[in-house]
Each structure stands twice: as structure tokens, then as C-alpha cells.
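The values are calculated or read from the model by the stated rules, or taken from the named source; none is laboratory data. Please read these numbers as outputs of a predicted model, since none were measured by experiment. Virtual Cβ from ideal backbone geometry, glycine too; neighbours counted across all protein chains shown.
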């Protein structure tokens, strides 16, 4: 029966530290990588952003006053000011 080789304590500590470091790095990589749930969130955010851009002036980067704006967008528009460009505000 083969004998087990005795591992010195400093080598055991170094091995333990190395394994803990690998686990920590793997966990960091997993946290940085977008998971399936995050990919769904990203897709939802892309759709919301596309919807918001429909009500956004490309010139002055402000909301165009409209009855179609959501409550939050209406609030932001009131706080930051709505678009005052000539093409979005026809004078009647």
C-alpha cells in the first residue's frame, strides 16, 4: 500500500491560498458576465430606449411635448424643460 506523502504546512497554505484566489477570480468573472436574466433586462432596456427616442428631439436632446408621454417622461420633461425647436413647435 503506497504511503501518503506529507505536505509541509507552508505548501498546504500556499495551495489553499491559490485555490481561494482562483475561486474569487471565477466569482468576479461570473459577476461581470451578463447572465440570461441580465440579457433579458438588456433587451427590455433597448426596447424602452427605442420608445423614449421616439419622443426625443435629436437637435436639443429634450422631450417633445406630447400627450403620449408616460408619467415619468412627462415629469422629466417638466423638470428639464421641453423642446423649443422651431420644427417641433409649430406656431399657430
Reported set for segment 20-59 where residues are touching a helix residue (DSSP H, G or I) at 6+ places or on another chain (Cβ under 7 Å) and farther than 25 Å from residue 81 by Cβ is 34
Does residue 2 fit the bill of being over 18 Å from the mean Cα position of the chain (by Cα) and at pLDDT below 75? yes
Pair list, Cβ < 9 Å and 6+ apart or interchain, from segment 47-72 residues that are free of Cβ contacts under 8 Å to residues at least 12 places away in the same chain to residues that are outside any helix (DSSP H, G or I) and loosely packed, with under 15 Cβ neighbours inside 10 Å: 51/70; 54/68
